[in-house]
1. Can you pull the percent of Cα pairs in segment 131-212 with separation above 18 Å?
2. Over the Cα atoms, compute the radius of gyration (one decimal) and Dmax (the largest Cα-Cα distance, rounded to a whole number) for segment 324-383, in Å.
3. Of PRO272, PRO211, PRO314, which has the largest mean-square fluctuation in a 10 Å C-alpha GNM of the chain?
4. Cα-based Rg (one decimal) and Dmax (whole number) for segment 57-106, in Å?
5. Quick one: length gained pulling GLN268 to GLU182 fully straight, 0.36 nm per residue minus the C-alpha distance?
6. Apply the Karplus parameterisation 6.51 cos²θ - 1.76 cosθ + 1.60, with θ equal to phi minus 60°, to every residue of segment 244-252 and state each ³J(HN,Hα) to the nearest whole Hz, in sequence, with x for glycine and proline.
7. Restricting to Cα pairs below 8 Å that are 6+ residues apart, what does the relative contact order work out to for segment 131-212? Please round to a whole percent.
8. In percent, how large is the relative contact order of the chain, given Cα pairs closer than 8 Å and 6 or more residues apart?
Amino acid sequence: MYVAIFVLGLIFVIMFHEFGHYATAKLFGMKVEKFFLGFGPTLWSFRGGETEYGVKAIPAGGFVKIVGMSDAEEVDPADSGRTFREQAAWKRTIVLVAGSATHFVVAAGLVFAALAFVGLPDPDAPATNTIEVVVEGSPADRAGVALGDRITAVDGRPTPDFDAVRDALAGRAGETVALRLERDGGERELSVQLASQLPDGTAGAFLGVGPAAVVRTLPVGEALRSTVSGDLSIFSIAVANLRGLGQAFSPAALAEWFGSVDDPGPRQADGPVSLVGVGQTVNALGQSGDVFNVLLLLALLNITLGTLNMLPLPPLDGGHLAVLLIEEGVNGVRRLRGRSASWRLDPSVVTPIALAVILFFVVLSLTALYVDLVKPASDLLPR
């Protein structure tokens with residue numbers, strides 16, 4: 001189920017990104033010819049007004065075609081005044097940035113939902129008597145204690161929370177105790193012989209269960225504030241993400257990554273993760289019931305996509321913005337000198353950079369996909 005949710009969510013994010021370009025271009029009166037999901041041959045489309053909407057065969061993204069994006073493009077005289085290249089620089093800047101901005105809007109919505117509707121464990125509340133962890137091979141595991149069971153009594157002594165369970169077991173190493181459990185609306189009793197040693201090797205009564213924490217959601221106002229300020233805000237996540245991307249794309253980190261692709265050992269925690277790897281992790285977290293971290297991971301994914309897309313590298317949106325800023329800067333100087341403000345950056349300079357960037361990301365994505373298939377990203381989650 002979580003894989004399907006992830007795929008549908010990814011399609012929504014792609015199209016919302018393109019909608020950002022589409023909506024702002026329409027707002028400024030530009031002519032939008034196409035709005036498509038995917039690339040390659042058209043599978044299905046329809047025309048709504050002057051725009052063609054549809055789906056193409058290769059689901060590797062989406063695109064919006066605005067008339068006059070390139071100076072080399074021939075434009076129908078009837079579209080004069082409505083082309084991208086004829087608009088003021090600030091309008092073109094907004095259109096270019098709008099796609100990436102949608103990712104931060106989605107991230108903010110996900111963080112808010114996590115805080116307001118899913119919630120965080122409350123460190124001040126006593127842990128419940130509901131079992132969230134059963135240690136494999138432990139006395140509880142061998143006796144048949146299951147995830148979701150509630151320990152309501154130990155040897156007839158009521159245990160309303162996990163502190164009461166600990167108190168009832170204290171000093172009883174090696175003894176057999178009777179656990180009263182609530183499961184699926186019914187009650188049952190199990191006899192369990194406690195171990196005499198804790199996992200760290202010290203002496204003590206060991207049952208082998210862990211409690212479910214009390215989860216607290218934030219009021220709407222507090223959740224909104226925490227979405228934009230504090231450790232879990234989108235700004236804090238974005239700053240940490242930017243630092244991480246800077247480290248991951250450093251020459252030393254890239255050399256180490258490409259050198260470790262065929263490493264037979266366990267997967268390292270640092271390194272690129274493909275969308276397949278993100279899907280694996282989302283599914284694993286969802287299956288374990290950790291919806292809070294599913295939402296935070298999806299927020300992080302959106303922030304990463306928005307940040308990467310604004311890198312000043314063609315053919316990314318940030319690359320188009322960099323070209324625009326360079327041209328406006330040069331033309332500003334030309335105006336001051338009384339010269340024509342019509343200078344344009346030669347496409348022959350931009351094209352090789354764009355091809356190199358595309359090749360780099362294709363290679364990086366393929367190696368990340370290979371590693372995710374051989375060593376699933378979900379293996380990095382704590383057990």
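1. Working: 1093 of 3321 pairs.
When all Cα pairs of segment 131-212 are counted, 33 percent exceed 18 Å.
2. Expressed in Å, the Cα Rg and Dmax of segment 324-383 come to 21.8, 68.
3. PRO211
4. Spelled out, the Cα radius of gyration and Dmax of segment 57-106 are 13.5, 39 Å.
5. Numbers: separation 86, 0.36 × 86 = 30.96 nm, distance 4.08 nm.
Working it through step by step, the gained length comes to 26.9 nm.
6. x, 5, x, 6, 5, 9, 5, x, 5
7. Details: 162 pairs, mean separation 28.9, N = 82.
Worked out over segment 131-212, it gives 35 percent.
8. Details: 579 pairs, mean separation 60.9, N = 383.
The value is 16 percent.
Here, each number is a calculation from the coordinates, and none is a lab measurement. Just so it is clear, the model here is predicted, and its values are computed rather than measured. Ideal geometry is used to build each Cβ from the backbone, glycine not excepted, and the neighbour counts take in all protein chains shown.
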